[in-house]
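Each remark here refers to the structure printed beneath this line.
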Amino acid sequence: MSRIVYVNGQYLPEEEATVSIFDRGFVMGDAVYEVTSVLEGKILEFEGHMTRLARSLSELEMTCDLTRDQWLEIHRELIARNNVTEGMVYLQVSRGNAGDRDFHYPPAGTPPTVVLYTQSKPGLADDPKAKVGIKVISIPDLRWHRRDIKTVQLLYPSMAKMAAEKAGKHDAWFVEDGFVTEGSSNNVYIVKGNKIITRQLSNDILHGVTRASLLKYAAEAQMEIEERPFTIVEAQAADEAFFTSASAFVMPVVEVDDVALNGGKVGPVATRLREIYLDESRKRAI
Ligand code: PMP
């Protein structure tokens, strides 16, 4: 049975879903997106993703008149129609079909293109990598400077993932002016003593939905948090490291540029935070 996807108000088999070749998302990368995880058929962090979507749209002067309840209904409909118990919902809004290619935005009132689809991932919460941890390389951060807007311009992060793969590792951490900004598709943290250190929010990083919740849960669990930049050398001397993202939750990092952390084993803080995050997110799933 083919997957049912959503395109501009219609639910269609994926083979029948189309978007114009003139779409601004296709021609200019002029689109924003969100990825929301599903566990036990329920949506995690829905409000956080909707708040960030609204902000991304507004920062780019894009409009989309779907309400929070309509977004929720589409998410739920796709999850139900595709029998997703564990996986993700991908959502993309582009500036729509501009007709002829033009750098200027199309006239106000041009409808955006709205696409959503599910990706079923049984076992998402039991990723075996979370037990052994992942290894990262560092790479210069060559992205644009509005990383706080979640756009589909993901070529450089793709190149970074390919560079990590070529080096036999799992992911890449971006470095700018000597400090780590974030991972190729995640926010990053180190642990030293009883402190969790992560870069503060600014236009230099995406404001992770997972990050916001995790820091709240960590504070509630009396853990100490310091929001500031750190270097690769500091990360290599840390007790532990990990990253967060909507689809990987909390993922331990056991090696940074060939230097093992915690003897190359997943540490207690990352393990505990992953448990807390999954428990709390499941409780709040809708
Ligand atoms: N930073 C970047 C560059 C990302 O692509 C992502 C994943 N979307 C994140 C951080 C983590 O954000 P979230 O927790 O909202 O998935």
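We did not get these values from a lab; they are worked out from the coordinates using the rules stated. Only a predicted model underlies this, so the values are computations on that prediction, with no experimental measurement involved. In this analysis, Cβ positions are derived from the backbone assuming ideal geometry, glycine residues included, and neighbour counts consider all displayed protein chains.
Where the centre of each part is set by its Cα atoms, how far does the stretch 224-286 sit from the stretch 92-151, in angstrom?
When both Cα centres are located, 23 Å separates them.
Can you find, among Met62, Ile4, Ser37, the residue sitting farthest towards the positive end of the charge dipole of the stretch 1-82, where Lys and Arg contribute +1 and Asp and Glu -1 at Cβ?
About the Cα centre, the residue reaching furthest to the positive side is Ser37.
Along its principal axes, what span do the Cα atoms of the stretch 35-92 show, with the longest given first and each in whole Å?
35, 16, 16
Mark the label point 7 Å from the Cα of Asp100 along Cα→Cβ and return the residues of the stretch 19-42 whose backbone N is within less than 16 Å of it.
Only 22-23 fall inside the zone, counting backbone N under 16 Å.
Listing Met50, Met159 from the residue with the fewest other Cβ atoms within 10 Å to the one with the most, what is the order?
Values: Met50 20, Met159 14.
Listed from fewest to most nearby Cβ atoms, that is Met159, Met50.
Remind me, relative contact order of the stretch 170-286 in percent, using alpha carbon pairs under 8 angstrom and six or more residues apart?
Details: 190 pairs, mean separation 27.8, N = 117.
With pairs under 8 Å counted, the relative contact order is 24 percent.
Rounded if a/c is under 1.5, else prolate if a/b is larger than b/c, else oblate: which is the stretch 118-229, with a ≥ b ≥ c the root eigenvalues of its Cα gyration tensor? Before the final figure, lay out each step's value.
Working: a/c = 1.43, a/b = 1.14, b/c = 1.26.
Rounded, since a/c falls under 1.5.
Distance check, please: which entries in Lys216/Lys283; Lys42/Lys150; Lys42/Lys135; Lys195/Lys216; Lys121/Lys166 exceed 19 angstrom between their Cα atoms? Write out the running numbers ahead of the final one.
Numbers: Lys216/Lys283 15 Å; Lys42/Lys150 23 Å; Lys42/Lys135 30 Å; Lys195/Lys216 14 Å; Lys121/Lys166 25 Å.
The pairs that break the limit, which is 19 Å between Cα atoms, are Lys42/Lys150; Lys42/Lys135; Lys121/Lys166.
Where does the chain land at 222 nm, in deg cm²/dmol rounded to the nearest 500, when only DSSP H runs of n ≥ 4 count, each adding -39500 (n - 2.57), divided by all residues? Can you show the working numbers first?
Details: 8 runs with 83 residues, N = 286.
Per the formula, -8500 deg cm²/dmol.
Enter the mean projected area of the convex hull around the alpha-carbon atoms of the chain, in nm², rounded to one decimal.
Numbers: hull surface 60.5 nm².
For the chain, averaging the hull's shadow over all directions gives 15.1 nm².
Testing the spin-label approximation: label points 7 Å from Cα along Cα→Cβ at Glu77 and Glu61. State their distance in nm.
If labels sit at Glu77 and Glu61, their model points lie 3.2 nm apart.
Most fluctuating residue of Ser185, Ser56, Ser202 in a GNM of the chain with Cα springs under 10 Å: which is it?
Most flexible of the set in this elastic network: Ser202.
When only C-alpha pairs under 8 Å and at least 6 residues apart count, what is the relative contact order of the chain, in percent? Before the final figure, lay out each step's value.
Working: 559 pairs, mean separation 54.0, N = 286.
Value for the chain: 19 percent.
Please identify, among Asp258, Asp65, Asp204, the residue showing maximal mean-square fluctuation in a Gaussian network model of the chain using a 10 angstrom Cα cutoff.
With Cα springs under 10 Å in the chain, the top fluctuation among Asp258, Asp65, Asp204 is at Asp65.
If I model a spin label as a point 7 Å beyond the Cα along the Cα-Cβ vector, how far apart are those points for Gln200 and Thr231 in nm?
The two pseudo-label positions are separated by 2.0 nm.
In terms of modelled amide H atoms, which long-range or inter-chain residues lie less than 5 Å from the amide H of Val253?
So Val253 has HN proximity to Ile134, Ala241, Phe242, Phe243.
In a GNM of the chain with a 10 Å cut-off on Cα contacts, which of Leu214, Leu273, Leu201 has the highest mean-square fluctuation?
Greatest mean-square fluctuation among the candidates belongs to Leu201.
Once you sort the root eigenvalues of the Cα gyration tensor of the stretch 1-44 as a ≥ b ≥ c, which label holds: rounded (a/c under 1.5), prolate (a/b larger than b/c) or oblate (the other case)? List each step's numbers first, then the result.
On the way: a/c = 3.09, a/b = 1.38, b/c = 2.24.
Oblate is the answer for the stretch 1-44, as a/c is 1.5 or above yet b/c matches or exceeds a/b.
Mind giving me the FRET efficiency for Ser2 and Arg68? R0 is 35 Å, r the Cβ-Cβ distance, nearest 0.05 is fine. Write down the numbers at each step before the final one.
Details: r = 29 Å, r/R0 = 0.83.
Between Ser2 and Arg68 the formula returns 0.75.
Find the relative contact order for the stretch 4-124 and round it to a whole percent, using C-alpha pairs within less than 8 Å whose residues are 6+ positions apart.
Values: 202 pairs, mean separation 43.3, N = 121.
Here the relative contact order equals 36 percent.
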